Amino acid sequence: MKKIYCIWLIFSLYYCLNNNLIAQYKKDSLEKIWKNTALSDSIRMRALSDITGYIYLNTYPDTAFMYADTLELFAKKINNKKQLANALNLKGISYIIKGNYYAAIDYLNESLKISEEIKDNNGIANTTNSLGIIYQKQGNYNKALEYFNKCLLIRENIKDTIGIATSFSNIGIVQTNLGNNNEAISAYLKSINLRKLKNDIAGIANSYANIGNIYSNDNKLSIALESYFKSLELYREINNLYGKGAMYINIAKLYNELDSTNLAYVYADSGLVIAENTGINQLLNNVYNILYKIYKNKKEYKKAL
């Protein structure tokens, strides 16, 4: 199986907003709520959680970690275990995005323990999903499938539509890695249908990306490109930097395989800009790898080296 640069859907709630202007407006509003001590603690912590997850997590994980740390300290101060578990989960997700899985596992296990203690099914589902992602990324697909199926059952019981869609998407990724393409496509289509009900653009983009990965593995490169471009268009619509960066890299990879090295370089360079600006290790690793291959194909060996 060829290596593909996947988008991993690692959380059910936290996506970037529609564009920079909206995100900045939302951030300013949320900051005012957080700083307004006249409001209830629950409202203030929700605002801080939203800043962490919606504004920064998928684009600037280091900044997200700092906000999550503030949330953790405040939750401990007022003994709010639900938000404490949420803060730890956010920290764990930020480390997953940065590629530091060992640190992520520590935070996620701590979060899961608290969620189980207070019987917060939504918190249990979110953290179980995040742990499944780590096993996925480490290549332990059977273990990942176990966690994703466990998460799916919880989300079905609490009727969490977006959460169910997330679980189907992640199950699709595992089935792809296991070589079960029909099962994978079925899972992705279920995810897309559920997300359309909620106008979940980021989730739909994610599923198109992963469907493209299946076609890429089957050497159906033209069809794969169609799926990747659908995904890229949606990620551009909501200015999801991580998604855009991954799609630029995937498109560059396919153009390079089609010997369209100039086009491959254009998209790889766009991916490099995003990877360097966000500092996301996974994107940096993948974009350097494809740039090496592009320069090698162009016989620019010094640059490739």
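Things worth noting here:
- Pairs, first closer than 16 Å to LEU189 by Cβ in the stretch 147-167, second open to solvent by 30 Å² or more (accessible area, probe 1.4 Å) and not basic (Lys, Arg), C-beta under 7 Å, six or more apart: THR161/LEU194; THR161/LEU197; ILE164/GLU156; ILE164/LEU194; ALA165/LEU194
- Failed criterion for ALA144 (all others in (1) touching a Gly at 6+ places or on another chain (Cβ under 9 Å); (2) closer than 24 Å to LEU197 by Cα; (3) of a type outside the set (D, E, K, R) hold): (2)
- Odd one out for TYR188 among (1) in a helix (DSSP H, G or I); (2) under 28 Å from TYR102 (Cβ atoms): (2)
- Residues that are farther than 21 Å from ASN58 by Cα and open to solvent by 100 Å² or more (accessible area, probe 1.4 Å), drawn from the stretch 221-237: GLU226
- Subset of the stretch 135-179 that is polar (S, T, N, Q) and crowded, with 24+ Cβ neighbours inside 10 Å - its residue that is farthest from SER49 (Cα to Cα): THR176
- Count of the stretch 230-288 residues which are free of Cβ contacts under 8 Å to residues at least 40 places away in the same chain, closer than 21 Å to ALA304 by Cβ and of a type in the set (Val, Ile, Thr): 4
- Selection status of GLY212, out of contact with any His (no Cβ under 9 Å at 6 or more places or on another chain) and not in a helix (DSSP H, G or I): no
- Every residue from the stretch 80-89 that is assigned to a loop (DSSP other than H, G, I, E, B) and crowded, with 23+ Cβ neighbours inside 10 Å: none
- Qualifying positions in the stretch 144-202 - among the hydroxyl-bearing types (Ser, Thr, Tyr) and either more than 20 Å from LEU112 (Cβ to Cβ) or in contact with a Ser or Thr (Cβ under 6 Å, 6 or more places away or on another chain) (or both): TYR147, THR161, THR166, SER169, THR176, SER186, TYR188, SER191
- Scanning the stretch 90-134 for residues that are modelled with pLDDT under 95, among the polar types (S, T, N, Q), open to solvent by 10 Å² or more (accessible area, probe 1.4 Å) and part of a helix (DSSP H, G or I) turns up ASN122, ASN126.
- The requirement of being open to solvent by 30 Å² or more (accessible area, probe 1.4 Å), among the aliphatic types (A, V, I, L, M) and part of a helix (DSSP H, G or I) is satisfied by LEU194.
The values are calculated or read from the model by the stated rules, or taken from the named source; none is laboratory data. Just so we're clear, the structure is a prediction, and the values are computed from it rather than from any experiment. Here the Cβ is made from the backbone with ideal geometry for all residues, glycine too, and neighbour counts use every protein chain on show. Surface areas here come from the heavy atoms of the whole protein model, side chains and all, with no ligands, DNA or RNA. Shrake-Rupley method; radii C 1.70, N 1.55, O 1.52, S 1.80 Å.
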